[in-house]
Amino acid sequence: MSQIDGLALISGRQLADTHTVIDHAKPNGRSLQLHKTIVGGAAHAVFNGKIFVSPDKSRLEMTLEGQRQVMIARLDKRVFWMLMPEERMYVEMPIPERPEDALSGRDPTQKIERRLVGSETVSGHPTKKYKVTVTGKDETYVGYQWLAQDLGELPIRWEDEQGTARVELRNIKVGRQPAELFEVPAGFQKLAMPAGLPGMPKQ
């Protein structure tokens, strides 16, 4: 399983442009993505990036404010690496027992309910559409999720209840991934974790 999360806050006539491509190399794999964008005025938001997934491994590539960033999660080694290719540096963080909660910031006590409401074709993939209700301590979120039946029920579209926000995966390719995608490149310098981050040991 891979977990991809993001947040953008824009206003006026700003444009937040982020893309994502998920490539699964393991049958019946599951990717979870939570990307929240707060948009005001006439602003417009798009998410772009690349995601590579192999058994117990995932890699996210993206560019933020002109800086390329790479994040690698290794569940087999219980470690998470954030690479800064231009600086040839990386930060290492341990992955706890429940990585889906630690990496996403979600409350593990949340109650999640899914109800099948129909079937549709999304980007050429046959999907089952579910209404999803997430009930937390202080709030309840209601939205819709489309699971691709030809991709091991991979979630390829998310939409809020009002239809004002949507995340959709496109250009999905299935194939074997090179092992070096999930390793820290030779010659990269390891940086110490900044002090004060919750849940992270001092180095």
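Taken together, the values in this text are just the output of simple stated rules run on the coordinates, not laboratory data. Here the structure is a predicted model, which is why all the values come from computation and not from measurement. Counting neighbours? That spans all protein chains shown, and the Cβs are built from the backbone with ideal geometry, glycine included.
Here are a few things to note about the model shown:
- Seen from residue 76, the other residues with C-beta closer than 9 Å to its C-beta sum to a net charge of +3, counting Lys and Arg as +1 and Asp and Glu as -1.
- FRET efficiency, 1/(1 + (r/R0)^6) with R0 35 Å, evaluated for residue 56 and residue 134 via beta carbons: 0.85
- The calculated FRET efficiency for residue 192 paired with residue 63, based on their beta-carbon distance and R0 = 25 Å, is about 0.50.
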